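The values are calculated or read from the model by the stated rules, or taken from the named source; none is laboratory data. Owing to the predicted nature of the structure, the values given are computational and were not obtained by experimental measurement. Cβ coordinates were reconstructed from backbone atoms using ideal geometry, including for glycine residues, and neighbour counts include every protein chain displayed. Please note that ligands, DNA and RNA were not included when accessible areas were found on the heavy atoms of the full protein model with its side chains. Shrake-Rupley method; radii C 1.70, N 1.55, O 1.52, S 1.80 Å.
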Amino acid sequence: MSEPSKPQGRKFQLPEHLKEYKGIWVIVEQERGSVHSVSWELVGEARKLADKLGVKVGAVVLGADSPELNAICGDAFTYGADVVYKVTDPVLADYRTDPYTRVMTDVVNTYKPEIVLLGATTLGRDLAGAIATTLATGLTADCTELDIYMDNRSLAATRPTFGGTLLCTIQTLAYRPQMATVRPRVMSMPDRDDSRTGRVVEVFPTLREDDVITKVLSFIADREQNEAQLAFADIIVAGGKGLGKPENLKLVFDLAKVLGGEVGVTRPLVQAGWTGFDRQVGQTGKTVRPKLYIAAGISGAIQHRVGMEKSDLILAINTDANAPIFDFAHLGLVGDALTILPALTDAFGKRLS
Ligand code: FAD
């Protein structure tokens with residue numbers, strides 16, 4: 001990772017009382033023993049940042065004590081954590097903003113990490129905002145890149161701004177910890193190293209169920225199971241306005257089926273009701289990182305680009321040779337998607353059958 005470009009006015013020196021804050025933490029998101037993969041992506045990213053700063057990576061695992069929770073603590077080491085803070089109490093069995101915020105505020109005030117990272121998921125966004133408020137510190141949401149300014153050792157948290165037309169890098173200079181959320185699949189998944197172990201710090205908060213006003217009446221399994229699994233697809237064929245009319249989206253589905261991939265779209269197609277929001281790729285949709293991304297009839301606007309530019313191989317099909325997508329696609333076909341898509345489906349269908 002290269003050093004970010006240097007903004008003005010960052011000669012700020014950290015107040016003496018904040019210098020005791022050390023280490024980078026990731027709050028591991030787990031529900032009923034199942035960990036959201038963004039947590040391991042962030043442990044991998046925290047490892048890189050911590051090695052730059054020469055500090056330790058801490059993973060915070062909260063829940064009711066169980067064999068599944070112990071297994072998660074072990075996994076945290078294999079992905080790069082040095083210390084696991086295992087915070088257990090029956091009240092923490094299911095996520096609720098109030099007890100999780102209270103406990104995390106206490107744990108941060110006790111152990112004083114300099115950086116705290118969470119996934120920009122529904123749970124992570126809720127918890128990050130609540131903790132940042134009770135800790136009275138800064139939070140940069142939905143980051144696309146994290147780095148360290150080595151001269152003042154602060155977190156450089158980069159995120160899209162002004163509707164995605166600019167990227168801005170934000171520092172939290174006068175407060176600790178520095179907090180950031182990052183969307184799933186923005187950071188790459190670290191390799192597991194099963195030989196890694198570390199120190200477990202057990203924390204037993206004193207919580208009373210009667211003090212929590214929200215109650216969990218039932219647990220409904222992740223509704224995303226029925227939705228397009230774009231974030232984890234290895235191959236995505238995506239369509240844009242260049243397809244002309246809703247019926248032509250079938251050409252995209254046909255090619256995706258032959259390749260064993262998923263279908264993505266640009267926002268105008270969702271807004272026009274061609275398909276559901278779960279297929280939207282981009283700033284206000286999903287961030288994807290497939291091995292192959294085929295973009296058909298897509299101009300490559302910045303709001304779409306930020307959601308797919310980390311794909312390993314981008315093939316763009318567009319009638320306009322000057323379309324912005326050709327600026328960052330690895331391969332380009334200048335031509336009509338309505339004839340190229342069926343030709344590809346036909347060719348791959350023959351090869352793969
Ligand atoms: P267009 O920009 O209209 O491009 C269509 C392309 O198809 C053109 O390049 C054209 O040359 C080409 N074409 C035409 N006919 C053919 C043909 N027969 N064969 C091949 N190519 C053809 N957009 C997103 O996608 N995701 C987001 O999450 C998102 N969030 C946004 C958030 C905000 C706050 C705002 C303001 C906008 C957002 N947008 C988002 C919209 C974004 O700015 C663009 O408008 C959108 O990505 C453009 O979609 P498109 O490429 O399908 O359409």
- Message: Please go through region 285-299 and give me each residue that is in contact with a strand residue (DSSP E or B) (Cβ under 7 Å, 6 or more places away or on another chain) and within 7 Å of the ligand (Cβ to nearest atom), ordered by number.
- Response: A296, G297, I298
- Note on the structure: C143 passes all but one of the listed conditions (1) under 17 Å from the mean Cα position of the chain (by Cα); (2) open to solvent by 10 Å² or more (accessible area, probe 1.4 Å); (3) of a type in the set (A, V, I, L, M, F, W, C); the exception is number (2)
- Scanning region 229-260 residue by residue, those away from the ligand (no atom under 15 Å from the Cβ) and part of a helix (DSSP H, G or I) turn out to be F232, F253, D254, A256, K257, V258, L259
- Out of all the residues in region 144-169, which are touching a Lys or Arg at 6+ places or on another chain (Cβ under 7 Å) and at pLDDT 95 or above? I148
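Can you say whether V203 is of a type in the set (V, I, T) and modelled with pLDDT of 95 or more, as far as the supplied structure shows?
So V203 fits the description; yes.
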- Can you pull out the residues in region 33-55 that are closer than 10 Å to S188 by Cα and of a type in the set (D, E, K, R)? E41, E45
- Query: Could you say whether any residue in region 261-284 is more than 10 Å from the ligand (Cβ to nearest atom), open to solvent by 60 Å² or more (accessible area, probe 1.4 Å) and touching a strand residue (DSSP E or B) at 6+ places or on another chain (Cβ under 7 Å)?
  - Reply: no
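Only one of these is within 7 Å of the ligand (Cβ to nearest atom), open to solvent by 50 Å² or more (accessible area, probe 1.4 Å) and within 25 Å of L166 (Cα to Cα): D327, D336, D320, D312. Name it. Lay out the reasoning, then the answer.
Working: D327 fails: within 7 Å of the ligand (Cβ to nearest atom); D336 fails: within 25 Å of L166 (Cα to Cα); D312 fails: within 7 Å of the ligand (Cβ to nearest atom).
Just one listed residue meets the conditions, D320.
Select from region 23-50 the residues that are part of a loop (DSSP other than H, G, I, E, B), touching a residue at least 40 places away in the same chain (Cβ under 8 Å) and surrounded by fewer than 18 Cβ atoms within 10 Å (Cβ to Cβ) and list them in ascending order.
Restricting attention to region 23-50, the residues satisfying the condition of being part of a loop (DSSP other than H, G, I, E, B) are 23, 29, 32-33, 36.
With touching a residue at least 40 places away in the same chain (Cβ under 8 Å) added as a condition, the list becomes 23, 29, 32, 36.
Hit for region 23-50 is R32, nothing else.
Within region 275-286, is even one residue touching a Pro at 6+ places or on another chain (Cβ under 9 Å), within 23 Å of V38 (Cβ to Cβ), part of a helix (DSSP H, G or I) and at pLDDT below 95?
Taking region 275-286 first, the residues touching a Pro at 6+ places or on another chain (Cβ under 9 Å) are 275, 283, 286.
Okay, now just the ones that are also within 23 Å of V38 (Cβ to Cβ), so 283, 286.
Now restrict to residues that are part of a helix (DSSP H, G or I): none.
Looking for residues that are touching a Pro at 6+ places or on another chain (Cβ under 9 Å), within 23 Å of V38 (Cβ to Cβ), part of a helix (DSSP H, G or I) and at pLDDT below 95, one finds none in region 275-286, hence no.
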- Task: Look at Q303 and say whether it is buried (at least 17 other Cβ atoms within 10 Å of the Cβ) and outside any helix (DSSP H, G or I).
- Result: no
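Restricting to strands (runs of 3 or more DSSP E) lying wholly in region 76-150: which have 1 or more residues that are closer than 27 Å to G285 by Cβ? Step through it out loud before you land on a result.
Working: elements: 83-88, 115-119, 139-143, 145-149.
Because the criterion is at least 1 residues that are closer than 27 Å to G285 by Cβ, the strands (runs of 3 or more DSSP E) in region 76-150 that meet it are 115-119, 139-143, 145-149.
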